[in-house]
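Colleague: Dumping the structure here so I can ask a few things about it.
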Amino acid sequence: MGSKRRQPSLAQLRAFAAVAEHLHFRDAAAAIGMSQPALSGAVSALEEALGVTLLERTTRKVLLSPEGERLAVRAKAVLVEVGALLEEAEAVRAPFTGALRLGVIPTVAPYLLPTVLRLVHDRYPDLDLQVHEEQTANLLEGLAAGRLDLLLLAVPLGVPGVVELPLFDEDFVLVTPLDHRLGGREGIPREALRELNLLLLDEGHCLRDQALDICREAGREDAPVTTTAAGLSTLVQLVAGGLGCTLLPRTALKVETSRSNQLLTGNFAEPAPSRRIALVMRGGAARGAEYRELAAALREDLRPLPVRVLGPDVGRDRGIDQMSAEQSSLGCPAPQIPSSGGR
């Protein structure tokens, strides 16, 4: 028998995973708070411990070797499991303590975070809430990789391996310039969307996909996109400037329309187009009981907002496999999320 190889350390695996993600030593070192020489040494030590060349180094860039491509997946899976172990120990030691990395989509963050932050401050003062605002696909990748613990976004998602804890439904309203024929009207039929110059968010925003779905339900076949914006604030200012109309979720209405006196809003006939907002966690999350308790507390604190708060049993403990038959057309399309460790 040959001599036993040394076991790789977590620091070595973390260094290699960072290089595999960034393909750049300086960026990888900055991402994990390690000096560049220490990171390079850790990767070299891992190669020696494993007896495998993981990287192809050139003067200009870093590439993964074929062996490195395969082992990077395993390294990331090990780190995710170690993170889950630490999370489990933290949850057993004391609930609602330590870090909670919450991912939020941009069309939710400005309008719901005040309620979330106040709730955590008042009820869970020992919880270290860390907020990350990103688009849906990035949030789901972060959840799958263990970079994020919990998400706040629009559902249904169409993604296996996650559990959705619905919080509320909210209607969309039509925002128009002052001189628009639909401005200020009640009971607007959805069919009116067929002829509107509708302004939308950029590609990648879930709210854009929801708006396009609403238009298709109204019988509009073409994509009504001539102008787009990176955020709702810009979108509303474009409407105020007379470039068209847009759809806003009701929770965003007060914040976004208060910046201009050149806007009117119109309400759709019942049933109005709407979206559902939920907390989303990994299936089997170690802190799942805490996340469900947080969802219940949030439902109560969200009642003053212009939303329809859902009961605790709506979608409770159901992963996407059980919900697939019930998905509405207004959910976000399913991004392709890589599995952790090939499992």
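Colleague: Would you be able to tell me the number of residues in the range 61-85 that are within 23 Å of the chain's Cα centre (by Cα) and over 18 Å from P8 (Cβ atoms)?
Modeller: The number of residues fulfilling the criteria is 1.
Colleague: Being open to solvent by 30 Å² or more (accessible area, probe 1.4 Å) and free of Cβ contacts under 8 Å to residues at least 40 places away in the same chain is the filter here, so list the residues in the range 8-20 that pass it.
Modeller: Correct list: S9, A11, Q12.
Colleague: Within the range 257-278, work out how many residues are under 30 Å from L140 (Cβ atoms) and either open to solvent by 40 Å² or more (accessible area, probe 1.4 Å) or assigned to a loop (DSSP other than H, G, I, E, B) (or both).
Modeller: Summing the residues that are under 30 Å from L140 (Cβ atoms) and either open to solvent by 40 Å² or more (accessible area, probe 1.4 Å) or assigned to a loop (DSSP other than H, G, I, E, B) (or both) in the range 257-278 gives 4.
Colleague: What is the one condition in (1) open to solvent by 70 Å² or more (accessible area, probe 1.4 Å); (2) part of a helix (DSSP H, G or I); (3) touching a residue at least 40 places away in the same chain (Cβ under 8 Å) that R26 does not satisfy?
Modeller: (3)
Colleague: Name the residues in the range 43-85 that are modelled with pLDDT under 90 and touching a Phe, Trp or Tyr at 6+ places or on another chain (Cβ under 8 Å), would you?
Modeller: V62
Colleague: Give me the residue from the range 249-275 that is touching a residue at least 12 places away in the same chain (Cβ under 8 Å) and under 21 Å from P156 (Cβ atoms) and, out of that set, farthest from the chain's Cα centre (by Cα).
Modeller: Per the stated criteria, the residue is A272.
Colleague: Hey, another quick one. Which count do you get for residues in the range 29-45 that are within 16 Å of V73 (Cα to Cα) and either open to solvent by 40 Å² or more (accessible area, probe 1.4 Å) or more than 33 Å from the chain's Cα centre (by Cα) (or both)?
Modeller: Number satisfying all stated conditions: 0.
Colleague: Among the numbered conditions (1) open to solvent by less than 50 Å² (accessible area, probe 1.4 Å); (2) in a helix (DSSP H, G or I); (3) at pLDDT below 50, tell me where A296 comes up short.
Modeller: Every condition holds for A296 apart from (3).
Colleague: Also, I was wondering about something else. Select from the range 204-248 the residues that are among the small types (G, A, S) and either in a loop (DSSP other than H, G, I, E, B) or under 25 Å from the mean Cα position of the chain (by Cα) (or both) and list them in ascending order.
Modeller: The answer is G204, A211, A218, G219, A223, A229, A230, G231, S233, G241, G242, G244.
Colleague: Can you report the number of residues in the range 217-252 which are open to solvent by 30 Å² or more (accessible area, probe 1.4 Å) and farther than 18 Å from G204 by Cα? Before you say what the answer is, go through the steps one by one.
Modeller: Step one: of the range 217-252, the residues open to solvent by 30 Å² or more (accessible area, probe 1.4 Å) are 217, 219, 221-223, 225-228, 230, 233-234, 237-238, 241-243, 250.
Okay, now just the ones that are also farther than 18 Å from G204 by Cα, so 217, 219, 221-222, 237-238, 241-243, 250.
The number of residues fulfilling the criteria is 10.
Colleague: Could you please give the count of residues in the range 176-193 that are surrounded by 15 or more Cβ atoms within 10 Å (Cβ to Cβ) and not in a strand (DSSP E or B)?
Modeller: Going residue by residue through the range 176-193, those that are surrounded by 15 or more Cβ atoms within 10 Å (Cβ to Cβ) are 176-177, 180, 182-183, 185, 188, 190, 192-193.
Now drop any that are not not in a strand (DSSP E or B), which leaves 180, 182-183, 185, 190, 192-193.
Looking only at that region, the number is 7.
The values are calculated or read from the model by the stated rules, or taken from the named source; none is laboratory data. Please read all numbers here as calculations on a predicted model, not as lab measurements. Every residue, glycine as well, gets a Cβ built from its backbone with ideal geometry; the counts of neighbours run over all protein chains shown. The area values use the complete protein model at the heavy-atom level, side chains included, leaving out ligands, DNA and RNA. Shrake-Rupley method; radii C 1.70, N 1.55, O 1.52, S 1.80 Å.
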